[in-house]
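What follows is calculated from the coordinates using simple rules that are stated; it is not laboratory data. Every value quoted in this text rests on a predicted model; they were computed, and no experiment measured them. Neighbour counts run over all protein chains shown; Cβ positions are idealised from the backbone, glycine included.
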Amino acid sequence: MNELFIQFIAVMTVVGSISIKLVGIPDQIRMLIKTQEIGNISLLNYWLSLITYFFWTVHGIIKHDVVIILAQSLGVITTGILLAIIFSIKRKKSAM
């Protein structure tokens, strides 16, 4: 396959992956902080995402692939923050 095409696909994959973690998840975090509503949030989805990002990060470390490490560790961080906020809101609501 053409090396330029392969590099293009690699770059677009990273851009898409990082966009989810720098736009999608932070947007969800902003909404949670603003509304303090967690009723429609799928915890299973975010737990599975966190686990998947974690294992991809480990895979990147094993393979010495900086692109995978950076993209997936960003997912671990943002999803971890999101879950922490969800549980913080749950704790506040149950204390009321």
Checked Gln36, Gln72 against criteria (touching a helix residue (DSSP H, G or I) at 6+ places or on another chain (Cβ under 9 Å) and surrounded by fewer than 13 Cβ atoms within 10 Å (Cβ to Cβ)); the one match is Gln36
All positions within the range 5-19 that are of a type in the set (S, T, N, Q) and out of contact with any helix residue (DSSP H, G or I) (no Cβ under 7 Å at 6 or more places or on another chain): Gln7, Thr13, Ser19
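Go through the range 25-44 and count every residue that is among the basic types (Lys, Arg) and over 17 Å from the mean Cα position of the chain (by Cα). Step through it out loud before you land on a result.
From the range 25-44, those among the basic types (Lys, Arg) are 30, 34; that's our starting set.
Add one more test, that the residue is over 17 Å from the mean Cα position of the chain (by Cα), and what stays is 34.
Residues that pass the stated criteria total 1.
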